[in-house]
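The values are calculated or read from the model by the stated rules, or taken from the named source; none is laboratory data. Quick caveat: nothing in here was measured; it's all calculated off a predicted structure. A quick note on method: Cβ atoms are made from the backbone with ideal geometry, for glycine too, and the neighbour counts reach across all protein chains shown. With ligands, DNA and RNA removed, areas are computed over all heavy atoms of the protein, side chains included. Shrake-Rupley method; radii C 1.70, N 1.55, O 1.52, S 1.80 Å.
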Amino acid sequence: MKLNGKVACVTGSVRGIGWEILQAYAQEGAQAVICDLHQADVDGALTRLGLPTEKALGVRADVTFEEDVVSLFHAIKEKFGKLDILVNNAGFAWPREGPVNLEVADTPLQVWLLVLSTNLTGTFLCSREALKMMKQQRFGTIINISSPQGKLGKALRGPYSAAKFGVEGLTQVMSLENSAHDIRVNALDPGGIVATEAIRKIPGNRGKRMLSPEVVRACSLYLASDESLGVTGQSFVATEWNEQRGIEVPHMIA
């Protein structure tokens, strides 16, 4: 029970990578905060998680709206009185309705702003509110979900790559600003294309071998637990972390 007594909030946690991280934390004893866009999805995830009412909280919030984010962290403080772990996972590579592939020269401003606001501004807003709590506590850890495209640009992914490069830089800045308060801030990159629900829906991806969402479980648990005390300002790659420790890198067919 590596996270026994700790309170963990994972944004975008009703499916995919966020859901895997949330389950891993709950199984290690954490009190879990589910956050996502739609109340019905949040309620369903709470039911699937199966934690006692006193150990779980579900909040509908859009991380791009400041009011929603402030309300989310107010609800966490009201119920649990503290926050030990924040995982900034909410994000996407393109709008749900498409288009999937766009060169920068063809990217509408609304698409650019939507991808940046969810992946980067959402990370900023949630981190800002979490840091207010964590600085008072003088402890906490923030994990920002990154991407290979946050380290090496990829054609047709201009907004997403720019956002994830921003997440990597923001991770370093927040680490420098908050290490004196015993707050750790790290980034976690899955290490490749993950077969999330959105990825599997793309016709061209069907039948392809990809990483399973649970690839992030082991490293995210390490970063959230006391095993990583003193580790901050780093960017971890889940596939590499698993391989270095002899942990299987899970794959699935999309």
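Please tell me the relative contact order of the chain in percent, rounded to the nearest whole number, where contacts are Cα pairs under 8 Å and at least six residues apart. If you can, show how the numbers build up before the last one.
Values: 491 pairs, mean separation 45.7, N = 254.
RCO, the chain: 18 percent.
For segment 31-88, just the Cα atoms, rotate onto the principal axes and tell me the three extents in Å, largest first.
30, 25, 18
Treating only the Cβ of Lys, Arg, Asp and Glu as charged (+1, +1, -1, -1), what charge dipole size does the chain show about its Cα centre? Round to the nearest 20 debye. Write down the numbers at each step before the final one.
Details: 26 positive and 27 negative charges, 54 e Å.
Computed about the Cα centre, the dipole is about 260 debye.
Using a probe of 1.4 angstrom, how much of the accessible area of the chain is carbon and sulfur, in percent? Intermediate results must be reported in sequence, preceding the final value.
On the way: 6180 of 11570 Å².
Ligands and nucleic acids excluded, carbon and sulfur give 53 percent.
Note the listed values (i) 67, 38, 33; (ii) 46, 40, 38; (iii) 76, 53, 35, then indicate which one is Cα extents along the principal axes in Å calculated from this particular structure.
Answer label, from the structure shown: (ii).
Determine, for each peptide in 7-17, 165-175, 49-59, the mean count of other beta carbons within 10 angstrom over its residues, then list the peptides with the highest first.
Working: 7-17: 25.3, 165-175: 18.6, 49-59: 14.6.
The most tightly packed comes first, giving 7-17, 165-175, 49-59.
Once you put a point 7 Å from the Cα of residue 97 and another 7 Å from the Cα of residue 70, both along the Cβ direction, what distance in nm separates them?
2.9
Can you show me the helix-derived [θ] at 222 nm for the chain, built from DSSP H runs with n ≥ 4 at -39,500 (n - 2.57) apiece and divided by the number of residues, rounded to the nearest 500. The partial results should precede the final answer.
Details: 9 runs with 102 residues, N = 254.
Per the formula, -12500 deg cm²/dmol.
Per residue, how much accessible area does the chain show when a 1.4 Å probe rolls over the protein heavy atoms, in square angstrom?
On the way: 11570 Å² over 254 residues.
Counting only protein heavy atoms, the per-residue value for the chain is 46 Å².
Would you mind calculating the gained length between residue 48 and residue 205 on full extension (0.36 nm times residue separation, minus the Cα-Cα distance), in nm to one decimal? Don't skip to the end; give the middle numbers.
Values: separation 157, 0.36 × 157 = 56.52 nm, distance 2.78 nm.
Extra length from residue 48 to residue 205 when fully extended: 53.7 nm.
Within segment 44-199, what is the number of lysine pairs with alpha carbons under 12 Å apart, leaving out pairs fewer than eight places apart on the same chain? Don't jump to the answer; show the numbers that get you there.
Details: 55/79; 77/132; 82/132; 82/135; 151/164; 154/164.
Total qualifying Lys-Lys pairs in segment 44-199 comes to 6.
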